[in-house]
Amino acid sequence: MVRSLVSSFFGQIGSLTIFSWRFIRSVFFPPYEFGEVKRHLDELGSRSLPLVGTTGFIVGLILAMQTRPTLFRFGADAYLPAMVAISFVRELGPVITALIVAGRVSSGIGAELGSMRVTEQIDAMEVSGIDPFKFLVVTRVLACIILQPLLTAIVNALGLFGAYISILIESDISWTLYWDSVIRSLTFADVIPGLAKTTIFGFIIGIVGCHQGYWTTGGTVGVGKASTTAVVLSSLLIILVDMILVKITVWVWG
Amino acid sequence: MGLIEVRNVSKSFNGLPVLEDVNLVVEEGTTVVILGKSGVGKSVLLKAIIGLIEPDAGSIRIDGHEVVGMKRKDLNALRRQMGYLFQGAALYDSMSVRENLIFPLERREQLTREELEERIIRQLEMVGLEDAIDKMPAELSGGMKKRIALARALIINPRIMLYDEPTTGLDPITAREISYLIKELQHRYQPTSIAVTHDMMCARIIADKVAVLHDGVVEHEGSLDELEKVDNEIVRSFFATE
Ligand SMILES: Nc1ncnc2c1ncn2[C@@H]1O[C@H](COP(=O)(O)OP(=O)(O)OP(=O)(O)O)[C@@H](O)[C@H]1O
Ligand SMILES: [Mg+2]
């Protein structure tokens, strides 16, 4: 059982690597389907924004609520805004956003491409002399890569706003004072790696969803499987890659 | 020499042979109907001809060019002269009927908006569905989907047309209508065609020549009149359905 799980995981990773390589080879060559990329941006963005936004706000609220007593115990509650800001911008914002988008977008893409595969729509495209990989996969992955930093920025802002509300309930802190300490606490080394890794998460979300969907077999059952596998695999990869990236950033930036 | 030549083609899936040694020649401008029971590999054969499935062995030549192992670029160039009607219609379900028809057209011909629109309307009139232009595939009945798929496949004026079960799943009246529609198109544009079916009525209407596919090989070939005289159980079973 465990062995077959492990071997199927590595099998997936192997074929995913080939798929990613094909993406890299196709993305730079014409024809460019800008219209499609824009259409996916609109659709994927509006599909995930409400959920990631709400979650970001609530997590910010909870984080401030949770951290406050601890800091208070050490007489360090003045550092609360800084503490929240750094954890959110560096880690929580990017990862929460990525995991939610993985659940929503990766599965959606998997199901969409999967049903196109089993109803022969992908074959139909191929037969018309249009490269379905380019039209379906490259455009979606690009949209995910562009979308992820934008969503994360919004989630960060809403999370910090949530934290402000939570702090406001307990003590009275002015809006300007709060943002002042937030902004002063954040350095380049927090913001840039935080946002940079979101593009990698975006790539994972897009490519895993597309890979599962594109090579779906086994009819409608296969479509369901493609969609769930996409969520599981992309979430897992996001966490693994995050771990590696955190290690690297800590090593490089301190 | 035929425009389409299939020689000794075999294909198996997971060790189970589907096509064993298929030979078929289609002369330019004619229509060959392939009769065969469900599951004998009719769709597999058509997909092999257009390069969607790679045969395990054998050769498929279109206009003298070998399709098996052909480079993607050449294959695409060849496909631009070919139309394919999928068994399940395979309409793009995220696109309206108009967009479904535009899709193959706008990427191969430089046409203005008006010219595109005109071509699409002409095509939809041909299949009698000009009112469906703004509908989504999910809003169409099975028969309507088939007809839109037919319009989409033919909008590029293909030199070669492959039909996978153009009439299956339709009521006899619509099936007859579609068969006559195909016949009319064959008459008007004279594409070289292969149609796969187990519908004898359709075969009678559109076929110049018939080939019976059974157990992985083409058992018999000839005109319908010739086939009717053949003393073979498989062949006779098709006529028995009439
Ligand atoms: N991609 C595939 N993978 C595995 N097996 C396949 C695949 N495509 C077809 N087959 C098998 O090949 C055989 C022939 O399939 P095919 O779809 O060509 O039948 P058909 O003659 O078109 O039947 P029908 O009239 O029902 O459409 C079937 O047994 C099917 O299971
Ligand atoms: Mg079939």
- Flag if A:K134 is within 14 Å of chain B (Cβ to nearest Cβ), assigned to a helix (DSSP H, G or I) and among the basic types (K, R): yes
- Inspect region B:85-105 for any residue being among the small types (G, A, S), within 13 Å of chain A (Cβ to nearest Cβ), in a helix (DSSP H, G or I) and away from ligand 1 (no atom under 16 Å from the Cβ) and give the result as yes or no. no
- Note on the structure: Looking across region A:38-68 at residues that are hydroxyl-bearing (S, T, Y) and under 15 Å from the mean Cα position of the chain (by Cα), the single one that is modelled with the highest pLDDT is A:T55
- Could you grab me the full set of residues in region A:6-37 that are closer than 21 Å to A:I130 by Cβ, more than 14 Å from chain B (Cβ to nearest Cβ) and touching a residue at least 60 places away in the same chain (Cβ under 8 Å)? A:F19, A:F23, A:V27, A:V37
- Query: Inside region B:151-185, can you point out the residues that are crowded, with 20+ Cβ neighbours inside 10 Å and among the hydroxyl-bearing types (S, T, Y)?
  - Reply: B:Y163, B:T167, B:S179
- Task: Determine if region A:153-168 includes at least one residue that is more than 28 Å from A:H40 (Cα to Cα), more than 19 Å from the chain's Cα centre (by Cα) and not in a helix (DSSP H, G or I).
- Result: no
- Message: Just the residues that are under 18 Å from B:H65 (Cβ atoms) and either touching a helix residue (DSSP H, G or I) at 6+ places or on another chain (Cβ under 9 Å) or at pLDDT below 95 (or both), please, taken from region B:30-51.
- Response: B:K47, B:I50, B:G51
- Where B:L75 falls short, out of the listed (1) within 15 Å of ligand 1 (Cβ to nearest atom); (2) touching a residue at least 24 places away in the same chain (Cβ under 8 Å); (3) within 14 Å of another protein chain (Cβ to nearest Cβ): (1)
- Among residues of region B:201-231 being more than 16 Å from ligand 1 (Cβ to nearest atom) and in a loop (DSSP other than H, G, I, E, B), the residue surrounded by the fewest Cβ atoms within 10 Å (Cβ to Cβ) is B:D231
- Query: So how many residues does region B:166-186 have that are within 16 Å of ligand 1 (Cβ to nearest atom) and assigned to a helix (DSSP H, G or I)?
  - Reply: 1
- Query: Taking into account only those residues within region B:138-188 that are under 15 Å from the mean Cα position of the chain (by Cα) and of a type in the set (S, T, N, Q), which is modelled with the lowest pLDDT?
  - Reply: B:T168
- Out of the residues in region B:187-200 that are surrounded by fewer than 20 Cβ atoms within 10 Å (Cβ to Cβ) and away from ligand 1 (no atom under 16 Å from the Cβ), state the one that is farthest from B:E5 (Cα to Cα). B:R188
- Item | Members of region A:1-19 found to be within 22 Å of the chain's Cα centre (by Cα) and among the polar types (S, T, N, Q), listed by number | A:Q12, A:S15, A:T17
- Task: Within region B:191-209, identify whether any single residue is without any contact (Cβ under 8 Å) to a residue 40 or more places away in the chain and closer than 27 Å to B:K11 by Cα, and answer yes or no.
- Result: yes
- Query: Mind checking which residues of region A:25-40 are in a helix (DSSP H, G or I) and surrounded by 10 or more Cβ atoms within 10 Å (Cβ to Cβ)?
  - Reply: A:R25, A:S26, A:V27, A:F34, A:E36, A:V37, A:K38, A:R39, A:H40
- Query: Restricting the search to region B:1-46, which residues are in contact (Cβ under 8 Å) with a residue 12 or more places away in the chain, part of a loop (DSSP other than H, G, I, E, B) and either near ligand 1 (Cβ under 8 Å from one of its atoms) or within 14 Å of chain A (Cβ to nearest Cβ) (or both)?
  - Reply: B:K37, B:S38, B:V40, B:G41
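Filter region B:52-72 down to the residues that are facing chain A (nearest Cβ under 10 Å) and either away from ligand 1 (no atom under 16 Å from the Cβ) or over 26 Å from B:I178 (Cβ atoms) (or both) and list them by number.
B:R72
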- Please go through region A:218-254 and pick out each residue that is exposed (fewer than 12 other Cβ atoms within 10 Å of the Cβ) and either assigned to a loop (DSSP other than H, G, I, E, B) or of a type in the set (F, W, Y) (or both). A:W251, A:G254
- Query: Within the bounds of region B:47-58, is there any residue that is under 10 Å from B:V9 (Cβ atoms), assigned to a helix (DSSP H, G or I) and touching a residue at least 12 places away in the same chain (Cβ under 8 Å)?
  - Reply: yes
- In region B:118-127, is there at least one residue being part of a loop (DSSP other than H, G, I, E, B) and within 14 Å of chain A (Cβ to nearest Cβ)? no
- Message: Please verify whether A:G75 is without any contact (Cβ under 8 Å) to a residue 60 or more places away in the chain, closer than 30 Å to A:S181 by Cβ and not acidic (D, E), treating the condition exactly as stated.
- Response: yes
- Item | Residue within region A:82-92 that is more than 26 Å from A:A153 (Cβ to Cβ) and either touching a residue at least 40 places away in the same chain (Cβ under 8 Å) or in contact with a Pro (Cβ under 9 Å, 6 or more places away or on another chain) (or both) present | no
- Note on the structure: Result of the Cβ filter at 7 Å on region A:107-129, keeping first residues that are at the interface with chain B (Cβ under 9 Å from one of its Cβ atoms) and under 15 Å from A:R140 (Cα atoms) and partners that are surrounded by 21 or more Cβ atoms within 10 Å (Cβ to Cβ) and not aliphatic (A, V, I, L, M), at least 6 apart or interchain, is A:E112/A:G213
- Message: I'm trying to understand the selection: among the residues of region B:154-165, which are within 16 Å of ligand 2 (Cβ to nearest atom) and either touching a Phe, Trp or Tyr at 6+ places or on another chain (Cβ under 6 Å) or in a strand (DSSP E or B) (or both)?
- Response: B:L162, B:Y163, B:D164
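The values are calculated or read from the model by the stated rules, or taken from the named source; none is laboratory data. As the structure is a prediction and not an experimental result, all values here were calculated from the model. Cβ atoms come from the backbone with ideal geometry, glycine included; neighbour counts cover every protein chain shown.
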